[in-house]
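For reference, the structure discussed in these notes is given below.
The values are calculated or read from the model by the stated rules, or taken from the named source; none is laboratory data. Treat the numbers as computed from the prediction; the structure is a model and nothing was measured. Here the Cβ positions follow ideal geometry from the backbone for every residue, glycine too, while neighbour counts run over all protein chains shown.
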Amino acid sequence: MSGRNKDQKPLFTIPANLDRHDFVQFALFNTFRLKKRWKSPLIFFCIMAAFAAVCFAVRKTHDQAVLLGTVLLSVGLVLPAAWFLMFLSSVRAEAKKHGLSKTKAQYFTLLSRDSFKVIRDKDEAAFSWADLYMAYRVKGCIYLYVNADRAYLLPDCEDSDAAWDLICSRLPEEKKKDLR
């Protein structure tokens, strides 16, 4: 990035005042909506339900078919549910570990015409709009993905609409999605 871009005055400075709810919402979005990790548990359930249906279909000719079908169906329901609950528990524990609070900004995002910068404590990372992987606007937040696995969250504030308009003006259509 050129020296001119580094010194360019930001149009918006957005503090990332995130709480546990924001963190959980982002984790759910990233895991289930974006990465579609709901598919494996659903496929597992469908397979177990199909085996259970076969057992229920042959219940008149096989003595223990209903018991086996019930066990298969239960396993098909319980294991995905347990996986989901473990996921939620780990995300909540991670949020608690980071001590997230709406009263304290975890980092600041500075948006300018040519780039955006993220400042956390004494660390600073600058990104040009051309290098941005994807931007999503969801209810209550904007997610700026710098790659497929890393995103910065911009919670709603009084400048959110103008900030989103700036982001949209700097990105091609395929790199931005308003999902509100």
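Taking the condition assigned to a helix (DSSP H, G or I) and in contact with a Phe, Trp or Tyr (Cβ under 8 Å, 6 or more places away or on another chain), does A163 pass?
Answer is yes for this residue.
Looking at A95 and the list (1) modelled with pLDDT under 95; (2) farther than 23 Å from N17 by Cα; (3) among the small types (G, A, S), which single condition is not satisfied?
Answer for A95: the failing condition is (2).
To keep it simple, each residue is scored yes or no on (1) in contact (Cβ under 8 Å) with a residue 40 or more places away in the chain; (2) surrounded by 12 or more Cβ atoms within 10 Å (Cβ to Cβ); (3) farther than 30 Å from T31 by Cβ; (4) not aromatic (F, W, Y).
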site	(1), (2), (3), (4)
C46	no, no, no, yes
A52	no, yes, no, yes
C55	no, yes, yes, yes
K60	no, no, yes, yes
V75	no, yes, no, yes
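Quick test for you: out of L85, L79, pick the one residue that is surrounded by 14 or more Cβ atoms within 10 Å (Cβ to Cβ) and free of Cβ contacts under 8 Å to residues at least 60 places away in the same chain.
Every option except L79 fails the conditions.
Within the range 1-112, considering only helices (runs of 4 or more DSSP H) that don't extend past its boundaries, which have at least 3 residues that are more than 30 Å from R170 (Cα to Cα), over 24 Å from the mean Cα position of the chain (by Cα) and outside the structural domain of G140 (by TED's automatic domain parsing)?
Qualifying helices (runs of 4 or more DSSP H): 39-57, 65-98.
Could you list, in sequence order, all residues of the range 127-137 that are surrounded by fewer than 19 Cβ atoms within 10 Å (Cβ to Cβ) and within 15 Å of I14 (Cβ to Cβ)?
The one that is surrounded by fewer than 19 Cβ atoms within 10 Å (Cβ to Cβ) and within 15 Å of I14 (Cβ to Cβ): F127.
Out of all the residues in the range 130-145, which are over 17 Å from F23 (Cβ atoms) and modelled with pLDDT of 95 or more?
Matches in the range 130-145: Y133, M134, A135, R137.
Could you check, for the range 155-162, whether at least one of its residues is of a type in the set (A, V, I, L, M), touching a residue at least 12 places away in the same chain (Cβ under 8 Å) and within 25 Å of L100 (Cβ to Cβ)?
Checked the range 155-162: no residue is of a type in the set (A, V, I, L, M), touching a residue at least 12 places away in the same chain (Cβ under 8 Å) and within 25 Å of L100 (Cβ to Cβ).
Check D114, D156, D165, D161 and return the single one that is of a type in the set (D, E, K, R), in contact with a Cys (Cβ under 9 Å, 6 or more places away or on another chain) and on the phi < 0 side of the Ramachandran plot.
D156
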